[in-house]
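Before any comments, here is the structure.
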Amino acid sequence: MTSSPLSPKSTNKLREALFNEMADGVIMVDTQGTIIDCNPAFHQKFGYEKAELIGRSIKTLCTNEFAAKAPERITQFDSQDQITYETAYHHKDGTVIPVELNARLFESAGTTLFFSIVRDISNRKRAESELRQAHAELESRVHEKTEQHEHASRQLRASEERFRDIAAATSDWFWETGPDHKISYLTDSYFAITGIDPATVIGKSRLELAPDEDDMTKWDAHLVALENRHTFRSLQYEIVRPDGTSLPVSISGKPVFNDACEFLGYRGTGTNLTERRISERKLIETANELKGVLESTSQGYWRIDTNAITIEVNPRMAEIIGVSQSEAVGTSVYDYLSAEQQDLHKTKIKRRPVGISEAYELEITSATGNLVPCLFNATPFHDATGNVAGSFALVSDISDLKKTQFTLEKSMLEAKAANKVKSDLMANMSHELRTPLNAIIGFSSTIQAEIFGPVGHDKYREYLSDIQYSGQHLLELINDILDVSAIEAGALDLHEEDVSLSSIVDASVRIIKPRADTGQVRVVSTMDPKLPLIHMDERRGKQIILNLLSNAVKFTPEGGDVFVTSSLNTHGSVSVSVRDTGIGMDKDELEKALSAFGQVDSGLNRKHEGTGLGLPLTKGLIELHGGILDVKSDKGLGTQITVTFPTERVVQDAN
Amino acid sequence: MPNTILIVEDNVLNMKLFVDVLENSGYKTVQSVDGKNILELAREHAPGLIIMDIQLPRTSGLDLTKMLKAEDALKDIPVLAVTAFSLEGGIEAVFAAGCDDIIAKPINVSDFLEAVARYS
């Protein structure tokens, strides 16, 4: 202890005053922890009277947590004469007050005492706690921010990738230029696409790469855009390669700034236009070709919008509507159509938007008042987005066609009328011819039958027979003429029923037999007994077969044969053939035989009496049944005529 | 009493032929050139057979036959149509009109008499 300048008494007084007036609590404890003394600041702080605390263990004030640490602290005094630590004491009301303790050890009258200054650190603790909380909050916010940042950068990366993909799909290479507009960066694809070494390009401005003779107004505009830091799109020019050839390209770019808004240069994409140029050229060529065709064609070309307003006409179309090509543009289709024709056109044009192409006739009233019948061949056309933008029509002037058609129709009507007159005349005439013939044949047959008494002389009988024969022949002629005329006039009606061809052939052979016998011609019929029935006109069928047999017998010399056969054909049709071993015909004779009255003109007539109508009539009759007549003939060897009834006339067996 | 036959025929020579042949064979004939009064004639003479030309200038033989067949007192008299096979409607039309038989013009006297004999 150092000696004090003060007297011990005054020192004690000072100490007491200090002890009692100190704002901090002061407490003295012996080594057992028993409170020996404390100042007012201390007991008041913890809500006690001084008397309540003296003699009490300090441990009863201590919170359990800090009480446990006491022995450890005491050991600290081995090396230090004072220690400072934080602890907490219970207030009398139970609340805990954090305190900072400055304890020192001193000897007094041979006893070791602990002398501690106790400072309330509630405020400090609160501040500390607030600080910690603020810190934690800050930390969590930083964490959150970091997360956000990471998310943002992930998104950025994704969008960058997306951008790259899109850019790669729509462009061929990327580039960057510096603030001086010199190329500073090019992707590797630049070389692959242009064949130009990027090293020869880096550091150059774009204008330096362009041909010297390039259009400067384009470049001036571009340079102005660069100076104003404008985004530019599709700057098209040709890069001159080191070998002198050039490559058409399209460049788009966007200015780049840093955070401080300083201009760093441009960045963008480039595209090789070579292929596009080729297809553009082809397109132009095609368009020119088409234009050429439209200019020179004899067909009109008329393109209109959806309101029927003319967009374009070719020279021929302009000629048809009677105005110049340029005058036509903007005029309505309806300026050239009568009210009636307009209605017709309106019903037609309605069908265009749904994509229908069609041909129709319209009569154009030209600007000069001419009426021009036209054939329109209209087709809708679409704009780039696929919507119907109007229609175009190829227009043919069909005046001549109409005239021809009219003439044709007129002559057809005339022909029909003439035919009607002819067939009426024929029908009339045949009746008129037949009536006297009835009398001739009737009376001569009466005399032949010697009804009123005998005929006197044999010569008369012979003449009667001649009259009869000639009369019958004339009758046949008249009947054939009538039938042929009726067929030609389409006036012959069939009376159809299911008929057996075999029985028709049998009956016909019976009729022809006497004539064949007279000419010493053998008629052999071998009809298929299983031949199906035919739906046909029986009388006309008999006429067909009889005609064929009669011709065969007529043109077959003595000792010859006539064969009648039938066949059921693979497709179900049925044929009857009549083959003879007669004189046959060559090609010319055959042609003649098949035309009406052909035989009448031929030299055969005198030898082979007939109407000359037999074959054409037979052909007409089988054709009336939907069948065909087929002739095979060899001059000198014979003729085979086959008539075939079509499948649909063959009656299907019920079995 | 000889059988009476009513003949409708516009052609004078044909009529003469029919009349001569039939009367020679013992028939009695009643003649009409246009069939105008055919119903009266049929009622009056009650013929055993009517020979009917089909192609007549005014009313056709088919229409006359229909008129006859429509009258109860006359419908049983057989009608023998005489025609060329050149009629519109053909044989069916002849039978459809009510004719009982048909004989082709021009007639063969023997065939004709044979047909007449079947109905008289």
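The values are calculated or read from the model by the stated rules, or taken from the named source; none is laboratory data. Only a predicted model underlies this, so the values are computations on that prediction, with no experimental measurement involved. Cβ atoms come from the backbone with ideal geometry, glycine included; neighbour counts cover every protein chain shown.
Write out, first by first residue and then by second, each pair whose Cβ atoms fall under 9 Å of each other, whose residues are 6+ apart or on separate chains, and whose first residue, in region B:83-108, is within 12 Å of another protein chain (Cβ to nearest Cβ) and at positive phi while the second is crowded, with 17+ Cβ neighbours inside 10 Å and at pLDDT 80 or above.
B:G89/B:L62; B:G90/A:D537
Please specify each residue of region A:6-65 satisfying the condition of being hydroxyl-bearing (S, T, Y) and part of a helix (DSSP H, G or I).
A:S10, A:T11, A:T60
Select from region A:629-643 the residues that are assigned to a strand (DSSP E or B) and either farther than 15 Å from A:R540 by Cβ or among the aromatic types (F, W, Y) (or both) and list them in ascending order.
Restricting attention to region A:629-643, the residues satisfying the condition of being assigned to a strand (DSSP E or B) are A:629-634, A:638-643.
Result: A:D630, A:V631, A:K632, A:S633, A:D634, A:G638, A:T639, A:Q640, A:I641, A:T642.
Within region A:266-279, identify whether any single residue is within 30 Å of A:I239 (Cα to Cα), of a type in the set (A, V, I, L, M) and out of contact with any strand residue (DSSP E or B) (no Cβ under 6 Å at 6 or more places or on another chain), and answer yes or no.
The answer is yes; a qualifying residue exists.
Quick check on my filter: what residues within region A:542-584 are surrounded by fewer than 22 Cβ atoms within 10 Å (Cβ to Cβ) and in a loop (DSSP other than H, G, I, E, B)?
Across region A:542-584, the qualifying residues are A:P557, A:E558, A:G559, A:G560, A:N569, A:T570, A:H571, A:G572, A:S573, A:T581, A:I583, A:G584.
Please specify each residue of region A:543-593 satisfying the condition of being among the basic types (K, R) and either at pLDDT below 90 or closer than 21 Å to A:L613 by Cβ (or both).
Passing the criteria: A:K554, A:K587, A:K592.
Any idea which of A:R539, A:R515 is within 14 Å of another protein chain (Cβ to nearest Cβ) and either within 25 Å of B:A84 (Cα to Cα) or not in a loop (DSSP other than H, G, I, E, B) (or both)?
A:R539
Does B:P57 fit the bill of being in contact (Cβ under 8 Å) with a residue 24 or more places away in the chain, within 14 Å of chain A (Cβ to nearest Cβ), assigned to a loop (DSSP other than H, G, I, E, B) and of a type outside the set (A, V, I, L, M)? Break it down into steps so the answer makes sense when it comes.
Details: in contact (Cβ under 8 Å) with a residue 24 or more places away in the chain: yes; within 14 Å of chain A (Cβ to nearest Cβ): yes; assigned to a loop (DSSP other than H, G, I, E, B): yes; of a type outside the set (A, V, I, L, M): yes.
Judged against the criteria, B:P57 is a match.
Which condition number in (1) over 17 Å from A:L247 (Cα atoms); (2) acidic (D, E); (3) within 44 Å of the chain's Cα centre (by Cα) is the one that A:D214 fails?
With (1) over 17 Å from A:L247 (Cα atoms); (2) acidic (D, E); (3) within 44 Å of the chain's Cα centre (by Cα) applied to A:D214, the lone miss is (1).
Considering every residue within region B:63-72, establish whether at least one is outside any strand (DSSP E or B), touching a residue at least 12 places away in the same chain (Cβ under 8 Å), of a type outside the set (D, E) and more than 13 Å from B:L39 (Cα to Cα).
No, region B:63-72 contains no residue that is outside any strand (DSSP E or B), touching a residue at least 12 places away in the same chain (Cβ under 8 Å), of a type outside the set (D, E) and more than 13 Å from B:L39 (Cα to Cα).
Could you tell me whether A:P179 is in a loop (DSSP other than H, G, I, E, B), surrounded by 11 or more Cβ atoms within 10 Å (Cβ to Cβ) and out of contact with any Leu (no Cβ under 9 Å at 6 or more places or on another chain)?
On the way: in a loop (DSSP other than H, G, I, E, B): yes; surrounded by 11 or more Cβ atoms within 10 Å (Cβ to Cβ): yes; out of contact with any Leu (no Cβ under 9 Å at 6 or more places or on another chain): no.
Spelling it out, it is not the case that A:P179 is in a loop (DSSP other than H, G, I, E, B), surrounded by 11 or more Cβ atoms within 10 Å (Cβ to Cβ) and out of contact with any Leu (no Cβ under 9 Å at 6 or more places or on another chain).
Report the residue count in region A:469-499 for those that are among the charged types (D, E, K, R) and assigned to a strand (DSSP E or B).
Let us first name the residues in region A:469-499 that are among the charged types (D, E, K, R), namely A:476, A:480, A:483, A:488, A:493, A:496-498.
Next cut, assigned to a strand (DSSP E or B) only: A:496-498.
The total comes to 3.
Sort through A:T306, A:T274 and tell me the only one that's over 20 Å from A:A210 (Cβ atoms), out of contact with any Phe, Trp or Tyr (no Cβ under 9 Å at 6 or more places or on another chain) and touching a residue at least 24 places away in the same chain (Cβ under 8 Å).
Numbers: A:T274 fails: over 20 Å from A:A210 (Cβ atoms).
The conditions single out A:T306.
Identify the residue in region A:501-539 that is touching a strand residue (DSSP E or B) at 6+ places or on another chain (Cβ under 8 Å) and polar (S, T, N, Q) and, among all such residues, is surrounded by the fewest Cβ atoms within 10 Å (Cβ to Cβ).
Only one residue fits best here, namely A:T526.
Limited to region A:363-385, what total is found for residues that are closer than 15 Å to A:S399 by Cβ, surrounded by 14 or more Cβ atoms within 10 Å (Cβ to Cβ) and in contact with an Asp or Glu (Cβ under 8 Å, 6 or more places away or on another chain)?
5
Within region B:21-54, track down each residue that is within 14 Å of chain A (Cβ to nearest Cβ) and either assigned to a strand (DSSP E or B) or without any contact (Cβ under 8 Å) to a residue 60 or more places away in the chain (or both).
Those that are within 14 Å of chain A (Cβ to nearest Cβ) and either assigned to a strand (DSSP E or B) or without any contact (Cβ under 8 Å) to a residue 60 or more places away in the chain (or both): B:E23, B:N24, B:G26, B:V33, B:I51, B:D53, B:I54.
Grab the strands (runs of 3 or more DSSP E) fully contained in region A:336-453, keeping just those with 2 or more residues being more than 14 Å from chain B (Cβ to nearest Cβ) and touching a Pro at 6+ places or on another chain (Cβ under 6 Å). Even if it seems obvious, please write down each step before you answer.
Values: elements: A:358-365, A:371-382, A:388-397.
Filter on region A:336-453 gives A:388-397.
Go through the residues of region B:75-88 one by one and say whether even a single one is of a type in the set (D, E, K, R), closer than 19 Å to A:N438 by Cα and modelled with pLDDT of 90 or more.
Looking through region B:75-88, none of the residues is of a type in the set (D, E, K, R), closer than 19 Å to A:N438 by Cα and modelled with pLDDT of 90 or more.
From B:G48, B:G35, B:G61, which residue is among the small types (G, A, S) and at positive phi?
Working: B:G48 fails: at positive phi; B:G61 fails: at positive phi.
Going through B:G48, B:G35, B:G61 in turn, just one is among the small types (G, A, S) and at positive phi: B:G35.
Filter region B:9-20 down to the residues that are more than 8 Å from every other protein chain (Cβ to nearest Cβ) and over 21 Å from B:E114 (Cβ atoms), then identify the one that is surrounded by the most Cβ atoms within 10 Å (Cβ to Cβ).
B:D10
Determine, yes or no, whether B:N3 is away from every other protein chain (no Cβ under 12 Å), touching a residue at least 60 places away in the same chain (Cβ under 8 Å) and polar (S, T, N, Q).
Here the answer is yes, as B:N3 does meet what is asked.
Going through region B:60-69 one residue at a time, which ones are farther than 18 Å from A:T435 by Cβ and within 14 Å of chain A (Cβ to nearest Cβ)?
Answer for region B:60-69, where residues must be farther than 18 Å from A:T435 by Cβ and within 14 Å of chain A (Cβ to nearest Cβ): there is none.
Looking only at region B:36-52, decide whether some residue is more than 19 Å from B:N3 (Cβ to Cβ) and either crowded, with 18+ Cβ neighbours inside 10 Å or of a type in the set (G, A, S) (or both).
Looking for residues that are more than 19 Å from B:N3 (Cβ to Cβ) and either crowded, with 18+ Cβ neighbours inside 10 Å or of a type in the set (G, A, S) (or both), one finds none in region B:36-52, hence no.
For region A:92-138, what are the residues that are of a type in the set (S, T, Y) and outside any strand (DSSP E or B)?
Matches in region A:92-138: A:T95, A:S122, A:S129.
In region A:504-529, how many residues are farther than 16 Å from A:F555 by Cα and without any contact (Cβ under 8 Å) to a residue 12 or more places away in the chain?
Going through region A:504-529 one residue at a time, the tally reaches 1.
Quickly run through region A:480-490 and pick out the residues that are surrounded by 16 or more Cβ atoms within 10 Å (Cβ to Cβ) and small (G, A, S).
A:S485, A:A486, A:A489 - these are the residues of region A:480-490 that are surrounded by 16 or more Cβ atoms within 10 Å (Cβ to Cβ) and small (G, A, S).
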